[in-house]
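Participant: Please see the structure below; I have some questions.
The values are calculated or read from the model by the stated rules, or taken from the named source; none is laboratory data. Only a predicted model underlies this, so the values are computations on that prediction, with no experimental measurement involved. Note: ideal-geometry Cβ built from the backbone for every residue, glycine included; neighbour counts use all protein chains shown.
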Amino acid sequence: MTLVVDHLHKRFGHVVALDDLTFEVAPGQVFGFLGANGAGKTTTMRITLGVLEPDAGRVTWRGTESRRLPRSTWGYLPEERGLYPRMRVMDQLVFFAGLHGVPSGRARREATAWLRRFRAEDLADRKAEQLSKGNQQKIQFIAAVLHDPQVLLMDEPFTGLDPVNVMLLREAFLELRDRGRTVVFSTHQMEVAEALCESVAIVDRGRMVVGGPLREVRRASGRRLVRISVAEDHRLPWLSAVPGARIIQAGVERSSVELDPGTEPQDLLAAAVAAGARVLHFEVADPTLEQIFIDHVGRAPDEDTTVAPEDAAAVSDAEDAA
Ligand SMILES: Nc1ncnc2c1ncn2[C@@H]1O[C@H](COP(=O)(O)OP(=O)(O)O)[C@@H](O)[C@H]1O
Ligand SMILES: [Mg+2]
């Protein structure tokens, strides 16, 4: 029983935001929903929550259409963060949990525990407007999970967080996963997804490009890479003696070499040794998610594909306001 995004179509005026988008998320996983800006990630999440209506298709969770499920099924971190600026942090957390039926005593206890693990206990009595962006984001994350939802929909949760908070949030995702919760998060940062996801969907302009368990997505890419580091010239001048091997990234620390089918990693190692290179590191590696993204989409994930509002002629924002 899974979260199924089932042939979703959605247009805003003449902008096609979702074009037959289909994928599945197995429960109890951390799932990366990957795409550049404008790919359709936020639209998909808002349809899942029932905030937006699709033109066609549907989203189901454990066989039931998502918008028919109680709102408390979902824990949603919206891309546009929204706390009450003047309300104290603990008061808002208790308030948001109360909307999902959590009694205030329990909400207060759980909120305190979350604040502690996010090293943010001292924020409880502060007003939201006094917090840094990163701290606001942590509070909003806590607000999204206090009612212990089955599915977390996190829209760009890592954007704007410093490395320590990225780590804390990652640990929280993994712990929720270990408790059987399903965590779906969107990002255009491939290295975050790489470190965290069991499965991914890569989306471009509203279409599914490639998806599935990360390991399978990697293997299916058919690319073979060697990461090598040598004491001498990191541009590997001796590489010209190895047909079917080309350098795709030269770095002082590590250089990456891609091998054509028929060329083996040991051919490379033999050439290095024959040339008298001192090999400090040699590793046969999977392609990175960033490389897989570029292979399939044809451009980098940080390129914006959003259609500017002025191009999106006569689009009503009424749905957004709803
Ligand atoms: N309310 C809206 N009105 C007009 N266009 C929209 C609206 N919401 C999204 N879009 C357009 O739909 C496309 C997908 O947007 P979105 O789902 O926000 O992508 P992502 O979250 O992946 O960046 C973009 O081209 C965007 O401009
Ligand atoms: Mg978005």
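Participant: Determine whether residue 23 is in contact with a Ser or Thr (Cβ under 6 Å, 6 or more places away or on another chain), in a strand (DSSP E or B), buried (at least 19 other Cβ atoms within 10 Å of the Cβ) and assigned by TED's automatic domain parsing to the domain that holds residue 138.
Facilitator: Numbers: in contact with a Ser or Thr (Cβ under 6 Å, 6 or more places away or on another chain): no; in a strand (DSSP E or B): yes; buried (at least 19 other Cβ atoms within 10 Å of the Cβ): yes; assigned by TED's automatic domain parsing to the domain that holds residue 138: yes.
No.
Participant: Can you run down the residue pairs with Cβ atoms below 7 Å, 6 or more apart or on separate chains, where the first is in segment 1-28 and under 21 Å from residue 197 (Cα atoms) and the partner is among the acidic types (Asp, Glu) and away from ligand 1 (no atom under 14 Å from the Cβ)?
Facilitator: 2/24; 3/24; 4/24; 22/6
Participant: Same structure again: With 105, 101 as the choices, which residue is farther than 30 Å from residue 7 by Cα, assigned by TED's automatic domain parsing to the domain that holds residue 195 and modelled with pLDDT under 95? Before the answer, list the steps.
Facilitator: Working: 105 fails: modelled with pLDDT under 95.
So the residue among 105, 101 that is farther than 30 Å from residue 7 by Cα, assigned by TED's automatic domain parsing to the domain that holds residue 195 and modelled with pLDDT under 95 is 101.
Participant: Those residues that are crowded, with 20+ Cβ neighbours inside 10 Å and touching a strand residue (DSSP E or B) at 6+ places or on another chain (Cβ under 8 Å), I need them from segment 200-209; list them, please.
Facilitator: Initially, segment 200-209 is screened for residues crowded, with 20+ Cβ neighbours inside 10 Å, giving 200-204, 206.
Within segment 200-209, 200, 201, 202, 203, 206 qualify.
Participant: Moving on to the next point. Residue 134 - would you say it is within 16 Å of ligand 1 (Cβ to nearest atom), out of contact with any strand residue (DSSP E or B) (no Cβ under 6 Å at 6 or more places or on another chain), assigned by TED's automatic domain parsing to the domain that holds residue 71 and among the small types (Gly, Ala, Ser)? Before the answer, list the steps.
Facilitator: Values: within 16 Å of ligand 1 (Cβ to nearest atom): no; out of contact with any strand residue (DSSP E or B) (no Cβ under 6 Å at 6 or more places or on another chain): yes; assigned by TED's automatic domain parsing to the domain that holds residue 71: yes; among the small types (Gly, Ala, Ser): yes.
It is false that residue 134 is within 16 Å of ligand 1 (Cβ to nearest atom), out of contact with any strand residue (DSSP E or B) (no Cβ under 6 Å at 6 or more places or on another chain), assigned by TED's automatic domain parsing to the domain that holds residue 71 and among the small types (Gly, Ala, Ser).
Participant: Tell me, which helices (runs of 4 or more DSSP H) wholly within segment 86-189 include 3 or more residues that are among the β-branched types (Val, Ile, Thr)? Spell out the reasoning first.
Facilitator: Details: elements: 89-99, 104-117, 133-145, 163-178.
Output list reads 133-145.
Participant: Please determine, by comparing only the residues of segment 33-47 that are within 6 Å of ligand 1 (Cβ to nearest atom) and outside any helix (DSSP H, G or I), which one is surrounded by the fewest Cβ atoms within 10 Å (Cβ to Cβ).
Facilitator: Of all residues in segment 33-47, those within 6 Å of ligand 1 (Cβ to nearest atom) come to 35, 37-43.
Filter once more, so that each one left must be outside any helix (DSSP H, G or I): 35, 37-40.
Numbers: 35: 25, 37: 14, 38: 20, 39: 28, 40: 25.
Of everything passing the filter in segment 33-47, 37 is surrounded by the fewest Cβ atoms within 10 Å (Cβ to Cβ).
Participant: Could you please find all residues in segment 137-169 being within 16 Å of ligand 1 (Cβ to nearest atom) and out of contact with any strand residue (DSSP E or B) (no Cβ under 8 Å at 6 or more places or on another chain)? Full working, then the answer.
Facilitator: Step one: of segment 137-169, the residues within 16 Å of ligand 1 (Cβ to nearest atom) are 153-160.
160, the sole residue that qualifies.
Participant: Pull out all pairs, ordered by first then second residue, where Cβ-Cβ is under 9 Å, the residues are six or more apart or on different chains, the first lies in segment 269-284 and is assigned by TED's automatic domain parsing to the domain that holds residue 240 and more than 15 Å from residue 243 (Cα to Cα), and the second is of a type in the set (Gly, Ala, Ser) and part of a loop (DSSP other than H, G, I, E, B).
Facilitator: Close Cβ pairs satisfying both conditions: 277/231; 278/231; 279/231; 280/231.
Participant: Answer yes or no: is there a residue in segment 8-18 that is within 15 Å of ligand 2 (Cβ to nearest atom), outside any strand (DSSP E or B) and touching a strand residue (DSSP E or B) at 6+ places or on another chain (Cβ under 8 Å).
Facilitator: For segment 8-18, residues within 15 Å of ligand 2 (Cβ to nearest atom), outside any strand (DSSP E or B) and touching a strand residue (DSSP E or B) at 6+ places or on another chain (Cβ under 8 Å): absent.
To keep it simple, each residue is scored yes or no on (1) among the acidic types (Asp, Glu); (2) over 21 Å from residue 82 (Cα atoms); (3) at pLDDT 95 or above.
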site: 114; (1), (2), (3): no, no, yes
site: 125; (1), (2), (3): yes, no, yes
site: 136; (1), (2), (3): no, no, no
site: 178; (1), (2), (3): yes, yes, yes
site: 189; (1), (2), (3): no, yes, no
